[in-house]
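The structure appears right after this line, and notes come after that.
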Amino acid sequence: MLVRWIYGVVAGHLMVGVLLPLCADMAITDAYRRSIEGFFFGGEVPQAGRALHSWWISLFGPTVQAAAIWMAGLAVIGDKQRNAFAWLMLILGLIVWAPQDMLISARAHCWINLWIDLAALATMLPPLLWLCKLDWEIKKVTS
């Protein structure tokens, strides 16, 4: 069940990565964009600033897609081979990414990103830690 959860999280990352470039300029992302643009521009956002922000959001989509593919590869290795190292690499990736992303978001007063990061950690870290522990114990028993 935990492995299926991780596969679901990977699929979610892939879907978000595909949607980001498609939705960067749509009304559905207006509130998100405005919250960030307000920090950088204060009042009225220049058209060039909005265009640049939409470009960055769009550019982030393929990055999320690539990360999802790498996550999927590690998840399959962890699942099929009962490989604790694969789960550990996913855990370490989260531990390296999250504090930096959260600090950068907090400095820009982009609290929505901070909450998204916390949600990502809460949904991914506990199952990954559990899977890593289980597979490490299996390796000890079979060695």
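The values are calculated or read from the model by the stated rules, or taken from the named source; none is laboratory data. Every value quoted in this text rests on a predicted model; they were computed, and no experiment measured them. Methodologically, a virtual Cβ is constructed for each residue, glycine included, from the backbone with ideal geometry; neighbour enumeration extends over all protein chains shown. The protein model used for the area step is the full one, side chains on, heavy atoms only, and it has no ligands, DNA or RNA in it. Shrake-Rupley method; radii C 1.70, N 1.55, O 1.52, S 1.80 Å.
Selection within region 98-134: residues that are more than 22 Å from Ala67 (Cβ to Cβ) and of a type outside the set (A, V, I, L, M). The member of this set that is surrounded by the fewest Cβ atoms within 10 Å (Cβ to Cβ) is Arg107. Here Ile104, Ile112 are screened, and the one residue that is closer than 21 Å to Ile57 by Cα, among the β-branched types (Val, Ile, Thr) and free of Cβ contacts under 8 Å to residues at least 12 places away in the same chain is Ile104. Go through the residues of region 33-43 one by one and say whether even a single one is buried (at least 17 other Cβ atoms within 10 Å of the Cβ) and among the hydroxyl-bearing types (Ser, Thr, Tyr). Looking through region 33-43, none of the residues is buried (at least 17 other Cβ atoms within 10 Å of the Cβ) and among the hydroxyl-bearing types (Ser, Thr, Tyr).
Among residues of region 17-37 that are within 21 Å of Trp111 (Cβ to Cβ), those with a beta-carbon under 8 Å from a residue that is open to solvent by less than 80 Å² (accessible area, probe 1.4 Å) and assigned to a loop (DSSP other than H, G, I, E, B) at least six positions away or on a different chain give the pairs Arg34/Val45; Ser35/Cys110; Ile36/Ala108; Ile36/Cys110; Glu37/Val45. Only a single item in (1) loosely packed, with under 15 Cβ neighbours inside 10 Å; (2) closer than 17 Å to Cys132 by Cα is not met by Gln47, and it is number (2).
The single residue among Ala84, Ala24 that is at negative phi and in contact with a Ser or Thr (Cβ under 6 Å, 6 or more places away or on another chain) turns out to be Ala24.
Scanning region 69-83 for residues that are touching a His at 6+ places or on another chain (Cβ under 7 Å) and among the hydrophobic types (A, V, I, L, M, F, W, C) turns up at least one hit.
A Cβ distance below 7 Å, combined with a sequence gap of six or more or placement on separate chains, defines the contacts here; from region 122-143, residues that are within 18 Å of Val9 (Cβ to Cβ) and part of a helix (DSSP H, G or I) reach residues that are among the charged types (D, E, K, R) and open to solvent by 70 Å² or more (accessible area, probe 1.4 Å) in the pairs Asp135/Arg82.
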